[in-house]
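Asks: The structure follows.
Every read-out reported here was derived from the displayed coordinates using simple, explicitly stated rules and does not represent laboratory data. Quick caveat, the model's predicted, so the values are computed rather than measured. Positions of Cβ are backbone-derived with ideal geometry, glycine not excepted, and every protein chain shown enters the neighbour counts.
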Number of protein chains: 2
Amino acid sequence: MPELVPFITPGALLAHWQGHRRLSRRVIAAFPEDKLFTFSVGGMRPFGALALEMLAMALPMVRGAVTGQWDSPSSRDPRPKAEILRLWDETTAALDRLWPQIPTERFQETMTAFGQWPGKAHDLLLYVIDNEIHHRGQGYVYLRSLGLEPPPFYER
Amino acid sequence: MPELVPFITPGALLAHWQGHRRLSRRVIAAFPEDKLFTFSVGGMRPFGALALEMLAMALPMVRGAVTGQWDSPSSRDPRPKAEILRLWDETTAALDRLWPQIPTERFQETMTAFGQWPGKAHDLLLYVIDNEIHHRGQGYVYLRSLGLEPPPFYER
């Protein structure tokens, strides 16, 4: 294989993602407890459900990239905000631990995530990050609609 | 400099971004002409203003990474949807032309975007993409609030 030039290295991409995850954590924390699974705009899913989707994708995708085993056992049932934040912090630590175990050549290889979605590993991992940014942006609209100021987008 | 391992190469990242930009174009196109600069949710900016912000960041950031010259002359004044889509397509072609002119070592180097924001070039470029995803997600809420079905997130 010829030498590949990096746009970004695996370590820098993880740091970039964890920056996004700190912001997403602040958005979860900004929701009033009683609005997390009851409030939404335009008939969309409430933010608590979106946060649980983020959790259901992040660690299972990275674990799959490391092991080739695909499972996403996390329940999507509503739960208290403190429990979501606890799961968030567990995932933060687990991502830091597992990410360096992804073989460096794997990022350019094709894999089939969760037995269903084929793609380059870097595109599948970016999909998880992009999906988090996409739904978090929706959380900003929910917070504004509740009369609450979301955390600044540029702070990570 | 030691050999750096890529998470993703510059060419694959541009392809990933242009995929996002095709989706963003479909979101702009999905807005009724009379809602683009008049409708929003929660007191936020209307989607037309967000689309113009995307345009004001994309090409100027890439041009700056190539030339070290920073300017963002695009006006943010409301304009017809067809004009925004025309600017979008011009930017698509200009990004394809300019991106390969970014020196490959530049992505890991520090620069000060628009004379104000210092950072690694890859982080500054990702900021532009992330900002597009963030605001486009808000456009999804606006469309749903208008009773319109947004284009699927996973189609690029």
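Asks: Give me a comma-separated list of calculated 3J(HN,Hα) values for region A:27-39, in order, Karplus coefficients 6.51, -1.76, 1.60 applied at θ = phi - 60°, integers in Hz, x for any Gly or Pro.
Replies: Whole-Hz 3J(HN,Hα) from phi for region A:27-39: 5, 4, 4, 6, 6, x, 3, 7, 9, 4, 10, 10, 9.
Asks: Relative to the longest principal axis of chain A, what angle (0 to 90°, nearest 10) does the C-alpha long axis of helix A:47-67 take?
Replies: 10
Asks: For A:P80, place a label point 7 Å out from Cα along the Cα→Cβ vector, do the same in each other copy, and report the separations in nm, one decimal, smallest first.
Replies: Between copies, matching label points for A:P80 lie 5.8 nm apart.
Asks: Is the shape of the protein assembly as shown rounded, prolate or oblate, going by the alpha carbon gyration tensor and its root eigenvalues a ≥ b ≥ c, with a/c under 1.5 for rounded and a/b larger than b/c for prolate?
Replies: The shape class here is oblate.
Asks: Sticking with this structure for a sec: Roughly how crowded by other chains is peptide A:139-146, in terms of the mean Cβ count from those chains within 10 Å of each of its Cβ atoms?
Replies: 5
Asks: For the protein assembly as shown, what is the mean residue ellipticity at 222 nm derived from helices alone (per DSSP H run of n ≥ 4: -39500 (n - 2.57); sum divided by total residues; nearest 500 deg cm²/dmol)? The partial results should precede the final answer.
Replies: Working: 8 runs with 170 residues, N = 312.
Roughly -19000 deg cm²/dmol at 222 nm, from the helical runs in the protein assembly as shown.
Asks: If you wrap a convex hull around the Cα atoms of region B:1-126, how much volume per residue is inside, in Å³?
Replies: 123
Asks: A further question on this structure: Distances from B:P100 to the same residue in each other copy, label points 7 Å out along Cα→Cβ, in nm, shortest first?
Replies: 3.8
Asks: Using a label position 7 Å from Cα in the Cα→Cβ direction, what is the ascending list of nm distances from B:P118 to the same site in the other copies?
Replies: Going from nearest to farthest copy, the values are 4.7 nm.
Asks: A follow-up question, please. Need one word for region A:10-59: rounded, prolate or oblate. Basis is the Cα gyration tensor (sqrt eigenvalues a ≥ b ≥ c); a/c below 1.5 gives rounded, then a/b vs b/c decides.
Replies: Because a/c hits 1.5 or more and a/b exceeds b/c, region A:10-59 counts as prolate.
Asks: What is the extension gain from A:L85 to A:F39, computed as 0.36 nm multiplied by their sequence separation minus the C-alpha to C-alpha distance, in nm to one decimal?
Replies: My answer for the length gained is 14.7 nm.
Asks: Using Cα pairs closer than 8 Å and at least 6 residues apart in sequence, work out the relative contact order for region A:1-90, in percent.
Replies: 26
Asks: Eigenvalues of the Cα gyration tensor times 5, then square-rooted: what semi-axes does that give for region A:109-148, in whole angstrom, largest first?
Replies: Here the semi-axes work out to 32, 9, 4 Å.
Asks: Determine the distance separating the Cα centre of region B:18-86 from the Cα centre of region B:90-156; give it in Å without decimals.
Replies: Using only Cα atoms, the two centres lie 11 Å from each other.
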